[in-house]
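The values are calculated or read from the model by the stated rules, or taken from the named source; none is laboratory data. Every value quoted in this text rests on a predicted model; they were computed, and no experiment measured them. Backbone-built Cβ (ideal geometry, glycine too); neighbour counts: all protein chains shown. Heads up: the accessible areas ignore ligands, DNA and RNA and are worked out on the full protein's heavy atoms, side chains in. Shrake-Rupley method; radii C 1.70, N 1.55, O 1.52, S 1.80 Å.
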Number of protein chains: 4
Amino acid sequence: MIIDFNGKKIYAETHGDGEALVMLNGIMMSTPSWTQFIPALSSRNKLILLDMLDQGQSSRMSEGYDITLQADVLKKVLDELGIKKATICGISYGASVAMNFAIKYPDYADKLILFNCVPYTSQWMRDIGKGWKLARHSPQAYYHTTIPVIYSADFYNHNPEWIAARKEFLMQHVFNNKDFLDAMDRLTDSAVAHDVRDELAGITAKTLLVGSKEDYLTPPQQQKYIRERVPGANLVVIENCGHAAMYEQPDIFTALITGFVNE
Amino acid sequence: MIIDFNGKKIYAETHGDGEALVMLNGIMMSTPSWTQFIPALSSRNKLILLDMLDQGQSSRMSEGYDITLQADVLKKVLDELGIKKATICGISYGASVAMNFAIKYPDYADKLILFNCVPYTSQWMRDIGKGWKLARHSPQAYYHTTIPVIYSADFYNHNPEWIAARKEFLMQHVFNNKDFLDAMDRLTDSAVAHDVRDELAGITAKTLLVGSKEDYLTPPQQQKYIRERVPGANLVVIENCGHAAMYEQPDIFTALITGFVNE
Amino acid sequence: MIIDFNGKKIYAETHGDGEALVMLNGIMMSTPSWTQFIPALSSRNKLILLDMLDQGQSSRMSEGYDITLQADVLKKVLDELGIKKATICGISYGASVAMNFAIKYPDYADKLILFNCVPYTSQWMRDIGKGWKLARHSPQAYYHTTIPVIYSADFYNHNPEWIAARKEFLMQHVFNNKDFLDAMDRLTDSAVAHDVRDELAGITAKTLLVGSKEDYLTPPQQQKYIRERVPGANLVVIENCGHAAMYEQPDIFTALITGFVNE
Amino acid sequence: MIIDFNGKKIYAETHGDGEALVMLNGIMMSTPSWTQFIPALSSRNKLILLDMLDQGQSSRMSEGYDITLQADVLKKVLDELGIKKATICGISYGASVAMNFAIKYPDYADKLILFNCVPYTSQWMRDIGKGWKLARHSPQAYYHTTIPVIYSADFYNHNPEWIAARKEFLMQHVFNNKDFLDAMDRLTDSAVAHDVRDELAGITAKTLLVGSKEDYLTPPQQQKYIRERVPGANLVVIENCGHAAMYEQPDIFTALITGFVNE
């Protein structure tokens, strides 16, 4: 379905029935990224997938914006669907949106499941992000700058065919796409102002944090910071796993979500 | 229900319907220990609880035995219930039984969920176990020797009322009970020969390992050893949690089980 | 040498010359515990060893006292030796004394080296300590209650002869000694009030914290707490090592001290 | 001094007297990188600094070579200096050279101190290395691709002036220097074949491994692999520190080296 958000188109889809579960994409993702997970995530729940602004089938933006605008997008999608309360699960950029949403619209956020997230975009992350922007001159450079570091060394080394197929796909269909790269730049910029450190103590949603031991982009240290501040939050760390937990350990990823959302 | 096992009585009960999920007690536990978890664990599954030999309402043993006998007990219970395949979830001692069961009866073990477990009972553990046996002269000594170390310092320090109630209960009803202490001694002895190190590579059940960062009795190092050897096994570590994960973080405990068993 | 401290005798000895380095014993230790380390620790420094009250050759106490009294003992020893500034290195109980000393006598404490230490004696630690006191009815019980847990499982399992010799020594000469056990009880009690949490930020000595990954008595979590609060403090964690770092990894132990004291 | 190595010039310098201590540069480093450390490292030892092939004042290479050639370079330098035995301390790339040296010339390597090292150059590392090579089109891109990731997020965020000065220096004097970038490419390529996994068990030098908890380029997992295989090796992990341990925590860096080399 297409939802109007202040003149912009937002693409969303739902699967199954039950208590609402929203999956918020990581920065490079879009709704098709969830295809393999739809059966498991929708078997007991109304699963809501959406492309945020500058993602997938939703509108491209013409100027800069702040990540909290994506929280408003989610609010609009839930309102359109008539959903008053949902579990919000976000991955990386999506987890930042999820936290901002839970702070701005606490009544809507029943539970939070935050994978590989950070409380704010530090100078360190911003400077890494600039490196991404400076690598868009060639798909090859973009791949080598952005992709290896989001996997654990073990996974990357031991799944050469999977990685090769992924590289082929990204090089041929994504990293040579000016529209995608422009959107990536704006999404990256939208995260620069992300900073919920002072608001973590006010989060009322029941919160599960999931980190990965070998996550070099959003290391567990960041999630520990959040766990210590969000009332009642729990943290589990997946051993031997990198930033892309959903690809490296899909079974654990699914088990944590379906177990937590339905308890 | 009561099941006959070579002339011994085994107490078991089932709750709910669906794919079978067996919960195997830790060494000090018995079926009532699961009371608070029954609704969640049986909502989509046939939950099977049992007291193993020398636990709860099952028969006391008159002489020594090996932990693999408990695997035979479980086999008998499943046969009586007509269950051909189940997810076996074990806690500590129960996790040792679960591994032994999966090795001896691989067709029965569909999935394994192993909380706070070890691949073998090392000299270090045996010598700690001897300390437990030597502390039975007074409930007070038994408490101080066995209980604080199974909690994370954080949980123990920040939940004084919960701990005090637990201490009161254990001191008045459990640690002054000669029958319980005799059984504990035999259970402890039955674990001495536990050693599945050479058989881990042959485990075919899909395996989820769960450790606790602050588990001083069965530290995560032990579960990493198992993860590296059981094909396809995954490991998550609960941050800020001790050996008694089910009491310290019941939500994570439940979420991991229900998520993994039903995926 | 014997130094008078308010009518009590304090035994101390010095070795070598150079900037002063004080080694403060762990709770069960005494000056002879350092014999193997004397050559390395005194090769460039004036090494000061002492038995604190209720340790080794120093006076036994007849009534209870607070751990800060041991800081006064150290002050007296340094005054007698004419030492105005020293590096204070403490192990476990000794590290607690070292922190208290650095807070009470900041001018004397040039640097701090704190092995396996805690910022306060929590209820969890106190209750473990009570277990120790309740195990003194037999050397066997005392050994099994206090010793295995202070080693990493790996070290304990892989050095059976070393452990056996240590057990023999402790059982025959130490744990059957009423004088030693009475002193241990008082030392344990003296640590109950240890709590420097609110004063960590005021420590001016240059501080090196050393933890052990497999320290089940004073886990690294405790040293992280201290590192975050003592200005400029650094923390290194010895992998695959338990609470008794000096016995398990003597080379690292020595290297860290001699490197830090002389830089 | 300049030493001839098969027609190539090798720059080396020595400081102080005592048992020999060689410091092997990381990939981007050269002898002046050690300036601040010379007093501490040469106070009791003959400190040997050198620029390996394609580093600093040593010859540039015209074609590809293997990292083991750098081990031959070191052998030549020691021979010229008449040194038969030394402690070899290497950082990252230098640690790879150090391991290769200890394997090829075991009689020369008395002790090894290996900071932030890996047992082999995996596909993951190679693909990150390719990203570096693809970023040389602009100093800005090179900086953002190679530098932030080698610091811990904490250090990078909390030392903005230090980082800004470093960036300025690198941008103006280094990353716009074709000669430097060509050499970096060759050095990177020379490490591709680095693989000592099968030879670790044969290392006879007494070995200290040092990792950093927040090292995203050569995470502690890699050093654990080495520790488990080099006989008697020890590993310490510096908390809250990234890949560039020498810059982030110079005191610990120096203490570990001087303590270990002189024990």
Legend entry - Top-ranked residue in the range D:109-128 [being over 16 Å from the mean Cα position of the chain (by Cα) and within 14 Å of chain A (Cβ to nearest Cβ); ranked as farthest from A:Ala141 (Cα to Cα)]: D:Ser122
Inset, instruction - Within the range C:140-147, identify whether any single residue is part of a helix (DSSP H, G or I), under 16 Å from the mean Cα position of the chain (by Cα) and buried (at least 20 other Cβ atoms within 10 Å of the Cβ), and answer yes or no. - result: yes
Inset, instruction - Looking only at the range B:127-134, decide whether some residue is open to solvent by 10 Å² or more (accessible area, probe 1.4 Å) and not in a helix (DSSP H, G or I). - result: yes
Inset, instruction - Mind counting the residues in the range B:55-74 that are over 20 Å from B:Asp195 (Cβ atoms) and either open to solvent by 50 Å² or more (accessible area, probe 1.4 Å) or in contact with a helix residue (DSSP H, G or I) (Cβ under 9 Å, 6 or more places away or on another chain) (or both)? - result: 8
Legend entry - So B:Asn116, is it touching an Asp or Glu at 6+ places or on another chain (Cβ under 9 Å) and surrounded by 24 or more Cβ atoms within 10 Å (Cβ to Cβ): yes
Legend entry - Selected residue (criterion: farthest from A:Phe253 (Cα to Cα)) from residues of the range A:37-51 that are open to solvent by less than 10 Å² (accessible area, probe 1.4 Å) and in contact (Cβ under 8 Å) with a residue 60 or more places away in the chain: A:Asn45
Inset, instruction - Please report, ordered by residue number, the helices (runs of 4 or more DSSP H) entirely within the range A:157-263 with at least 3 residues that are more than 16 Å from the chain's Cα centre (by Cα). - result: A:160-169, A:178-190, A:220-227, A:250-261
Inset, instruction - Look at D:His137 and say whether it is modelled with pLDDT under 95, more than 20 Å from the chain's Cα centre (by Cα) and within 21 Å of A:Ser138 (Cα to Cα). - result: yes
Legend entry - Wholly enclosed helices (runs of 4 or more DSSP H) of the range A:28-108 bearing at least 2 residues within 11 Å of the chain's Cα centre (by Cα): A:93-104
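One line per residue, one yes/no per condition, for (1) of a type outside the set (S, T, N, Q); (2) touching a helix residue (DSSP H, G or I) at 6+ places or on another chain (Cβ under 7 Å); (3) farther than 18 Å from D:His194 by Cβ; (4) more than 7 Å from every other protein chain (Cβ to nearest Cβ):
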| site | (1), (2), (3), (4) |
| --- | --- |
| D:Gly211 | yes, yes, no, yes |
| D:Glu214 | yes, yes, yes, no |
| D:Pro220 | yes, no, yes, yes |
| D:Ile226 | yes, yes, no, yes |
| D:Gly232 | yes, no, yes, yes |
| D:Val236 | yes, yes, yes, no |
| D:Cys241 | yes, yes, yes, yes |
| D:Ala245 | yes, yes, yes, yes |
| D:Glu248 | yes, yes, yes, yes |
Inset, instruction - Give the residues of the range A:165-186 that are in contact with a helix residue (DSSP H, G or I) (Cβ under 7 Å, 6 or more places away or on another chain) and open to solvent by less than 30 Å² (accessible area, probe 1.4 Å), sorted by residue number. - result: A:Leu170, A:Val174, A:Phe175, A:Asp185
Legend entry - Failed item in (1) open to solvent by less than 10 Å² (accessible area, probe 1.4 Å); (2) out of contact with any His (no Cβ under 6 Å at 6 or more places or on another chain); (3) within 21 Å of B:Ile2 (Cα to Cα), with B:Asp79 passing the rest: (1)
Inset, instruction - Read through the list (1) in contact with a helix residue (DSSP H, G or I) (Cβ under 8 Å, 6 or more places away or on another chain); (2) over 22 Å from C:Thr218 (Cβ atoms); (3) more than 10 Å from every other protein chain (Cβ to nearest Cβ), then give the number of the only condition that C:Ala141 fails. - result: (3)
Legend entry - Filter result (open to solvent by 60 Å² or more (accessible area, probe 1.4 Å) and either facing chain A (nearest Cβ under 8 Å) or over 14 Å from D:Cys241 (Cβ atoms) (or both)) within the range D:148-164: D:Pro160, D:Glu161, D:Trp162
Inset, instruction - Just one of (1) within 23 Å of B:Leu235 (Cβ to Cβ); (2) out of contact with any Leu (no Cβ under 9 Å at 6 or more places or on another chain) trips up A:Arg197, so point out which. - result: (1)
Inset, instruction - Please indicate, with yes or no, whether at least one residue in the range C:198-206 is open to solvent by 40 Å² or more (accessible area, probe 1.4 Å) and either of a type in the set (A, V, I, L, M, F, W, C) or within 14 Å of chain D (Cβ to nearest Cβ) (or both). - result: yes
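Yes or no, residue by residue, for (1) surrounded by fewer than 23 Cβ atoms within 10 Å (Cβ to Cβ); (2) closer than 30 Å to D:Asn45 by Cβ:
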site: C:Leu208; (1), (2): no, yes
site: C:His243; (1), (2): no, no
site: C:Tyr247; (1), (2): yes, yes
site: C:Pro250; (1), (2): yes, yes
site: C:Thr254; (1), (2): yes, yes
